[in-house]
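Enquirer: Provided herewith is a single structure, encoded as structure tokens, for subsequent inquiry.
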Amino acid sequence: GLCIAGGRLSAACAATGALRALEDLNLAKDFTQLSVAGGSAWATAAYVFSDASAMHLLGGRTVPEALTLEVLDAVPVPLMRSTVERTEAKDTQPEKGTMKVEDLIHRVATLWLVPYGLHDRYFLANSNKDHRRIVHQYPKMQDEKFLLPRTDRPTWVVGGSLVSEENQLPFQMTASLITGPATFGSRTYEPIIFPFFRDVETDSLHILGSVQTFAFGGVHEDLSRISKTSPVLTAPSEPFTLADALTLSGLSSAAKLWGSQLQRWPVKGTAASPGPEVSFCDGALTDNSGLLHLLQRRVGRIVWVDFGWEGAAHCTPQQNNMNDMMEKFGCLQ
């Protein structure tokens, strides 16, 4: 597996460079899973979902000896173009407190998805087989548009966080499932609105299981069947889109880029989901490295790309993440 640490535009640059190097060395095909968060998720979405070739998206090998000012001033490769455009943008910043989640979703999609036609109202599915199963199970969705990842790219694992006043939970987003660590792999055949449940008596968050991504958090036609023990729903009328996943994973990063104070994405309260005091938050809050999600998926060999660390002067990225893994797993061998 390959994990690329999150962040803002620096993470997007690091992700582009890492993928370019791996493609140039013909090693990219050896990775079956790609774990990302925030900026690294933004830059890798087109690599996983668009029809464009790796050469087109990433460019060819850069030879340091051949670098000149003319080369550096050239139009950047597509995956770097969004980073440059955001850096050079002169748009008027909104007043503090006025930007909503929907505004951030639109801006993230405009930079990272629109150039590749990935911004539309697409439901997500993992494969053609997965798509056929969903449509067979929910005939009303036969006219809906689905977005599928490329079969020659690694499984895209995007980190997110769920937070309350007392708890913080990491969860994973892929084209097929939204899942948390506690019950990975369970309840994968029926859509439920959220895989999370808040126990009011203990004020703690729990993972109910895995939710099919096409049904995650969407607006459903029939909410009467929702309960704590049986939160099965009909097909959603609104999708959880690729733009949603990118914005959720990099919520605080996107907010800082566009001068917003928004730090949390409120979770709509239902009998099966957390109440309004529970929110989605930046994936970096619970794991910025991407390591945690690959370890939870039992990936035995991991290449970790980290472009730097802004923490304490005496705490390296390795020390920080090893402490983080120790806290979550109890031990490392």
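Enquirer: Can you list residues whose amide H is under 5 Å from Leu147's amide H, if they're 5+ apart or on another chain and H is modeled 1.01 Å from N?
Expert: Under 5 Å from the amide H of Leu147: Phe123, Leu124, Ala125.
Enquirer: In addition: Taking 22 Å as R0, compute the FRET efficiency from the Cβ-Cβ separation of Ser127 and Met55 and round it to 0.05.
Expert: It comes out at approximately 0.35.
Enquirer: Another question, then. Would you grab the residues whose amide H sits under 5 Å from the one on Val305? Only those 5+ places off in sequence or on another chain, please, with H modelled 1.01 Å from N.
Expert: Those qualifying (amide H under 5 Å, at least 5 residues apart or on another chain) are Cys3, Ile4, Ala5.
Enquirer: What residues have an amide H closer than 5 Å to that of Gln33, excluding those fewer than 5 places away on the same chain, when H is modeled at 1.01 Å from N in the peptide plane?
Expert: Those lying under 5 Å, H to H, from Gln33 are Leu2, Thr155.
Enquirer: Rounded to whole Hz and in sequence order, give me ³J(HN,Hα) for the range 119-129 from the Karplus expression 6.51 cos²θ - 1.76 cosθ + 1.60, θ = phi - 60°, writing x for Gly and Pro.
Expert: So the J values, rounded to whole Hz, are 8, 5, 7, 9, 7, 9, 8, 7, 6, 4, 5.
Enquirer: Could you state how much accessible area Glu144 has, in square angstrom rounded to the nearest 10, with a 1.4 Å probe and all protein chains kept in place?
Expert: In the full protein context, Glu144 sits at about 50 Å².
The values are calculated or read from the model by the stated rules, or taken from the named source; none is laboratory data. Only a predicted model underlies this, so the values are computations on that prediction, with no experimental measurement involved. Backbone-built Cβ (ideal geometry, glycine too); neighbour counts: all protein chains shown. In case anyone asks, the SASA skips ligands and DNA or RNA and just uses the protein heavy atoms, side chains included. Shrake-Rupley method; radii C 1.70, N 1.55, O 1.52, S 1.80 Å.
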